[in-house]
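Undergrad: Here you go, one structure.
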Amino acid sequence: MDIEIIVGSTLGSAEYVADELEALLKDDHQVKIHLNAEFSELNPSAFWLICSSTHGAGDVPDNLQPFFQHLLEQQPDLSMVSYSVVAIGSSSYDTFCGAGKDLDQQMEKLGAKSLKPRLEIDVDLEPVPEEPAALWLKSWKNELI
């Protein structure tokens, strides 16, 4: 199965998580990381793994804003897409994992099928967010056919 890893990162933590997940998947799958995801470049028949930190007041990071705005404004039919979200944030903020939650809700609203519930990583408790992300993926990656 082809896998598109879509990254929203401000300080690099989501990018590190994406790199770790790619390493776990690349032996069995064709994996492509998108640091500046262009909707038109994504394969709708691939599995979309969205890794996003939260920026500012619960916002999607700048590098993922064009992708998110496309989803909001164009409302594409994503009924052929299966996906999962890794959301990274700090529980010291009221908007904990706000970007990941917003992305997840918008994907679902547009008909995409969530393969696994959203993983929320609290960097206040998990200073190395790659570790819980790797454990999460290892627990179900064999389901990707």
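What follows is calculated from the coordinates using simple rules that are stated; it is not laboratory data. The structure displayed is predicted, hence computed values, not measured ones. Here the Cβ positions follow ideal geometry from the backbone for every residue, glycine too, while neighbour counts run over all protein chains shown.
Undergrad: Would you please name the residue that is surrounded by the most Cβ atoms within 10 Å (Cβ to Cβ), looking only at residues in the range 93-145 that are out of contact with any strand residue (DSSP E or B) (no Cβ under 6 Å at 6 or more places or on another chain) and among the aromatic types (F, W, Y)?
TA: The extreme case among them is Y93.
Undergrad: Only residues that are more than 23 Å from G58 (Cα to Cα) and either in a loop (DSSP other than H, G, I, E, B) or of a type in the set (S, T, Y) (or both): list them for the range 1-43, please.
TA: Once the filter is applied, which keeps residues that are more than 23 Å from G58 (Cα to Cα) and either in a loop (DSSP other than H, G, I, E, B) or of a type in the set (S, T, Y) (or both), the range 1-43 yields M1, K26, D27, D28, H29, S40, L42, N43.
Undergrad: When you scan the range 66-75, do you find a residue that is closer than 17 Å to D2 by Cβ and either out of contact with any Phe, Trp or Tyr (no Cβ under 6 Å at 6 or more places or on another chain) or surrounded by 14 or more Cβ atoms within 10 Å (Cβ to Cβ) (or both), even just one?
TA: Checking the range 66-75: not a single residue is closer than 17 Å to D2 by Cβ and either out of contact with any Phe, Trp or Tyr (no Cβ under 6 Å at 6 or more places or on another chain) or surrounded by 14 or more Cβ atoms within 10 Å (Cβ to Cβ) (or both).
Undergrad: Out of S79, S84, S91, report the one residue that is in contact (Cβ under 8 Å) with a residue 12 or more places away in the chain, farther than 21 Å from I3 by Cα and of a type in the set (G, A, S).
TA: Selected residue: S91, the only one of S79, S84, S91 that is in contact (Cβ under 8 Å) with a residue 12 or more places away in the chain, farther than 21 Å from I3 by Cα and of a type in the set (G, A, S).
Undergrad: Could we say that K101 is part of a loop (DSSP other than H, G, I, E, B) and among the basic types (K, R) here?
TA: no
Undergrad: Please verify whether G8 is closer than 14 Å to G100 by Cβ and either loosely packed, with under 15 Cβ neighbours inside 10 Å or more than 13 Å from the chain's Cα centre (by Cα) (or both), treating the condition exactly as stated.
TA: For G8, the condition - closer than 14 Å to G100 by Cβ and either loosely packed, with under 15 Cβ neighbours inside 10 Å or more than 13 Å from the chain's Cα centre (by Cα) (or both) - is not met.
Undergrad: Same structure, new question: Considering (1) over 14 Å from L21 (Cα atoms); (2) crowded, with 22+ Cβ neighbours inside 10 Å, say which one V85 fails and leave the rest.
TA: (1)
Undergrad: Being part of a helix (DSSP H, G or I) and over 15 Å from the mean Cα position of the chain (by Cα): is that true of A57 here?
TA: Taking the combined requirement at face value, the residue does not satisfy it.
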